[in-house]
Amino acid sequence: SKDVVWRQMWGAKVQWPCDMADDLLEDCITVTIGKLEELEAQETDLQTAGVQMSQVKLRLPNVFCSFVICVDVHHLVFDAEIKKHLDEKWRPHWHCIIGKNFGCYATHESKKCVYFYYKDVAVMLFKT
């Protein structure tokens, strides 16, 4: 088995090589990090108020999602928002997987797949 190579790009650790165009790659990473930072801020606010995330009932936004997988239920709304952004800006059909340390084999469009980490959160975005 060959060693996995990682590169730091736009605040994320990206599995390399990644043949995605730079503008698309930057958008995928920056939008995802922005959503993950929103989640962190919300969790901090709730903890400050004495509420545990397990007590929060999540409601999905009114978004059509052809495919969203969430290893952690707290990422579910953000997965849908990331997918919606990518579908609108880069044309459908994007898929978003957010979790911790997972592997995946997926059929995707050429040059439309990225796997990266932001802090300890793994993200895979791909288009079919």
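Criterion first (touching a Phe, Trp or Tyr at 6+ places or on another chain (Cβ under 9 Å) and either modelled with pLDDT under 90 or assigned to a strand (DSSP E or B) (or both)) does Glu38 satisfy it? I'd like the intermediate steps shown before the answer.
Values: touching a Phe, Trp or Tyr at 6+ places or on another chain (Cβ under 9 Å): yes; either modelled with pLDDT under 90 or assigned to a strand (DSSP E or B) (or both): yes.
In short, yes.
For a quick check of your reading: which strands (runs of 3 or more DSSP E) sit entirely within the range 44-128 and have at least 1 residues that are modelled with pLDDT under 55? Working first, answer last.
On the way: elements: 68-70, 94-99, 113-118, 121-127.
Qualifying strands (runs of 3 or more DSSP E): 68-70.
In the range 16-39, the residue that is farthest from Val121 (Cα to Cα) out of those that are under 16 Å from the mean Cα position of the chain (by Cα) and open to solvent by 70 Å² or more (accessible area, probe 1.4 Å) is Glu26. In the range 99-118, what residues are among the small types (Gly, Ala, Ser) and under 12 Å from Met20 (Cα atoms)? The answer is Ser110, and nothing else.
The values are calculated or read from the model by the stated rules, or taken from the named source; none is laboratory data. From a predicted model like this one, the values you see are computed outputs, not experimental measurements. So basically every Cβ, Gly included, is an ideal-geometry build from the backbone, and we count neighbours across all protein chains shown. These area figures cover heavy atoms from the full protein model, side chains too; ligands, DNA and RNA do not enter into them. Shrake-Rupley method; radii C 1.70, N 1.55, O 1.52, S 1.80 Å.
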